[in-house]
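Worksheet for the structure shown next.
What follows draws every value from the coordinates through simple rules; no lab data is involved. Since the model is a prediction, treat every value here as computed from it, not as a measurement. So basically every Cβ, Gly included, is an ideal-geometry build from the backbone, and we count neighbours across all protein chains shown.
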Amino acid sequence: MSLQSHLARVRGLGSAKAGTAHWWSQRLTAIALVPLLVWFVASLIGMAGADYYTMRAWVGSPVVAGLLILLIVATFYHAYLGLQVIIEDYVHREACKIGSLLLVKAACLVLAMTGVLSVLSILFKG
Amino acid sequence: MQGENRPLSPHLQVYRPQLTSSLSILHRITGAALAVGTLLLVYWLAAAASGTEAFESAQGFFGSFFGQLLLFGWSIALFYHLCNGIRHLFWDAGLGFELPEVYRSGWAVVIATGVLTLLTWIIGYIVYWSA
């Protein structure tokens, strides 16, 4: 006898009905990153050797700040989805796998937040 | 889990590396490298947000030999992952699966990576010297 209900016993055992979500998010972020990265690398080339004030003036424009934030979010989302697959492929011990997945997710979140907040602080402080 | 000793597939040691398999694993390797490389981007932005001094030292680091080497490696990885990623998107759309096409697009990715990386650095240095 178990205190668990029949529903609780079967819940989570079947398909999660989200089989394509990971694949789809990875492709969408990939497509978004193509123009964002072309723009970003071209801007970096144009700013080779730029000083502090030039760089801040560049980041401080609303269009650039917006695109940078989109770039950061798409990059870290895409990076997490990719690293997740790598970990799931090579790390088979359950505790290690969950641990490294959470660690990578946390690292991506912290880095993405740092990047976005840096852009916003430059934007609002001018 | 009795995992540990189960055989791995494919048996990497009996295969001769081919363009297709090498480019495939390179996509994963450059992806992981780029994930680490995001540290450079965040460092640069955070330094700019922190003030003149932090930004100067960041620029000093990126301008040093080691910094330039890191950025060069980052640019190769980025252009490779970008070009090969577009190749993957074509496959996702169901295009280019015939073996000759797979090899053609593979070489195209290799050449595009080289050309884009060289162009980036040549133009970058021209901009830098003329600034």
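For this structure, a couple of remarks:
- Note on A:65-72: average number of Cβ atoms from other chains within 10 Å of each residue's Cβ is 1.
- Under 13 Å of direct C-alpha separation, and excluding same-chain neighbours fewer than eight residues apart, A:Lys97 reaches these aspartates and glutamates: A:Glu88, A:Asp89.
- Mean separation of Cα contacts under 8 Å, 6 or more apart, over the residue count of the range B:18-130: relative contact order %: 32 percent
- Helix A:21-46 and the longest principal axis of the C-alpha atoms of chain A enclose an angle of approximately 20°.
- When you filter the trypsin sites (Lys or Arg not before Pro) in the range A:1-59 for DSSP loop state and at most 13 other Cβ atoms inside 10 Å of their Cβ, you are left with A:Arg11, A:Lys17.
- Shape category assigned to the protein assembly as shown from the gyration tensor of Cα positions, a/c cut at 1.5: oblate
- Projecting the Cα atoms of B:Phe65, B:Ser130, B:Gly94 onto the dipole axis of chain B, where Lys and Arg carry +1 and Asp and Glu carry -1 at the beta carbon, places B:Gly94 farthest toward the positive end.
- Selection of GluC sites (Glu not before Pro), the range B:1-101, meeting DSSP coil and at most 15 other Cβ within 10 Å: B:Glu98
- Most mobile of B:Gly63, B:Gly85, B:Gly114 in a GNM of chain B (Cα contacts under 10 Å): B:Gly63
- Take every Cα pair under 8 Å whose residues are at least 6 apart in sequence, average their separation, divide by the length of chain A, and the relative contact order is 33 percent.
- In chain B, the sites counted are chymotrypsin sites (Phe, Trp or Tyr not before Pro) in DSSP loop states with at most 15 other Cβ atoms within 10 Å, and the longest stretch holding none of them, exclusive of the sites, is B:16-96.
- Tilt relative to chain A, helix A:62-90 - C-alpha long axis, 0 to 90 degrees, to 10: 30 degrees
- The protein assembly as shown - mean residue ellipticity at 222 nm from DSSP helices (-39,500 (n - 2.57) per run, n ≥ 4, rounded to 500): -28000 deg cm²/dmol
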